[in-house]
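In what follows, a structure is listed as structure tokens, so that the remarks can point back to it.
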């Protein structure tokens, strides 16, 4: 999930991985989660419909932006 969210902005790829049962909340060594990465990208490109759609998909499926507050 991190690699897809970090390197791509392809909704269909993210949707495929999510539908296959990927963990939506793995914590990377820098404490970032997939949703954190998408939020950062969306902040830099707020007009991106693709990023917005990915954000909405992840949130709808239960992704969190801060693993510390989700415990």
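Read the figures in this text as sums done on the coordinates, not as results from a lab. This one's a predicted model, so the numbers in the text were calculated from it and none came from an experiment. Here Cβ is always computed from backbone atoms with ideal geometry, including for glycine, and neighbour counts include all displayed protein chains.
Tabulated data for the structure shown
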item	result
Whichever residue in the stretch 50-69 is farther than 15 Å from residue 25 by Cβ and free of Cβ contacts under 8 Å to residues at least 40 places away in the same chain and, among such residues, is surrounded by the fewest Cβ atoms within 10 Å (Cβ to Cβ)	56
Positions within the stretch 23-37 being surrounded by 15 or more Cβ atoms within 10 Å (Cβ to Cβ) and either in contact with a strand residue (DSSP E or B) (Cβ under 8 Å, 6 or more places away or on another chain) or within 14 Å of residue 62 (Cα to Cα) (or both), in sequence order	24, 25, 33, 34, 35, 36
Some residue of the stretch 40-49 being assigned to a loop (DSSP other than H, G, I, E, B) and crowded, with 17+ Cβ neighbours inside 10 Å	no
Every residue from the stretch 7-22 that is exposed (fewer than 15 other Cβ atoms within 10 Å of the Cβ) and more than 17 Å from residue 62 (Cα to Cα)	7, 8, 10, 12, 13
